[in-house]
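Data first, discussion second: the structure below is written as structure tokens.
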């Protein structure tokens, strides 16, 4: 049975880190509500594409418009089974909203599954929920995470209810680990034509 998952996004969140988990989670039967403070269902956010080309940091280009399918003011975190917090630049400002921090705290207080990627842990650090966790994030966010009380590792990590990855190149392992935490079973059987 599919889970109800809340995804908190914002303008200039990383395109792949929003689009890929949103679609992948739906593809295996979960319901995902993507919300952003001060925006409503049907509104769009602008995404950014972060690419790694051997420079000291990522290159940023304009991504897609991503349509929200729920309204932050209308959601009750208690009605969701899990939380996804993508990265990009959006976490810099999303962490300034009390409703975002309160929602994040709910998932940790109730020990519900949380998946955070790249700069997403900036929101978790601001919510003061990282103390004692082993985790990762985009390497430039390491100091913030450690200051929030976590121990750092350089790979996709699952510690209790929290799954973390460094950036979108971690998708296959990060999403697989999150699906396992959710108890999702994906069977790989033979495809059968509709008329068989």
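The values are calculated or read from the model by the stated rules, or taken from the named source; none is laboratory data. This structure is a prediction, so every number in the text was calculated from the model and none was measured. Positions of Cβ are generated from backbone atoms using ideal geometry, with glycine treated the same way; all protein chains shown enter the neighbour counts.
Return yes when residue 98 is farther than 20 Å from residue 14 by Cβ, in contact with a helix residue (DSSP H, G or I) (Cβ under 9 Å, 6 or more places away or on another chain), at pLDDT 95 or above and surrounded by fewer than 18 Cβ atoms within 10 Å (Cβ to Cβ) and no when it is not. It is false that residue 98 is farther than 20 Å from residue 14 by Cβ, in contact with a helix residue (DSSP H, G or I) (Cβ under 9 Å, 6 or more places away or on another chain), at pLDDT 95 or above and surrounded by fewer than 18 Cβ atoms within 10 Å (Cβ to Cβ). Every condition in (1) buried (at least 18 other Cβ atoms within 10 Å of the Cβ); (2) in contact with a helix residue (DSSP H, G or I) (Cβ under 7 Å, 6 or more places away or on another chain); (3) in contact (Cβ under 8 Å) with a residue 40 or more places away in the chain holds for residue 138 except the one numbered (2). Here residue 92 fits the description: under 25 Å from residue 50 (Cβ atoms) and either part of a loop (DSSP other than H, G, I, E, B) or out of contact with any strand residue (DSSP E or B) (no Cβ under 6 Å at 6 or more places or on another chain) (or both). From the list 18, 5, the one residue that fits, being assigned to a strand (DSSP E or B), in contact with a strand residue (DSSP E or B) (Cβ under 9 Å, 6 or more places away or on another chain), surrounded by 13 or more Cβ atoms within 10 Å (Cβ to Cβ) and in contact (Cβ under 8 Å) with a residue 60 or more places away in the chain, is 5.
Yes/no matrix, rows are residues, columns are (1) touching a residue at least 12 places away in the same chain (Cβ under 8 Å); (2) under 16 Å from the mean Cα position of the chain (by Cα); (3) over 21 Å from residue 173 (Cβ atoms); (4) surrounded by 17 or more Cβ atoms within 10 Å (Cβ to Cβ):
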{"site": "35", "(1), (2), (3), (4)": "yes, yes, yes, yes"}
{"site": "44", "(1), (2), (3), (4)": "yes, no, yes, no"}
{"site": "48", "(1), (2), (3), (4)": "yes, yes, yes, yes"}
{"site": "55", "(1), (2), (3), (4)": "no, no, yes, no"}
{"site": "80", "(1), (2), (3), (4)": "yes, yes, yes, yes"}
{"site": "88", "(1), (2), (3), (4)": "yes, yes, no, yes"}
{"site": "122", "(1), (2), (3), (4)": "yes, yes, yes, yes"}
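Among the residues of segment 95-113, those identified as assigned to a loop (DSSP other than H, G, I, E, B), free of Cβ contacts under 8 Å to residues at least 60 places away in the same chain and either under 19 Å from residue 183 (Cα atoms) or touching a strand residue (DSSP E or B) at 6+ places or on another chain (Cβ under 6 Å) (or both) are 110, 111, 112.
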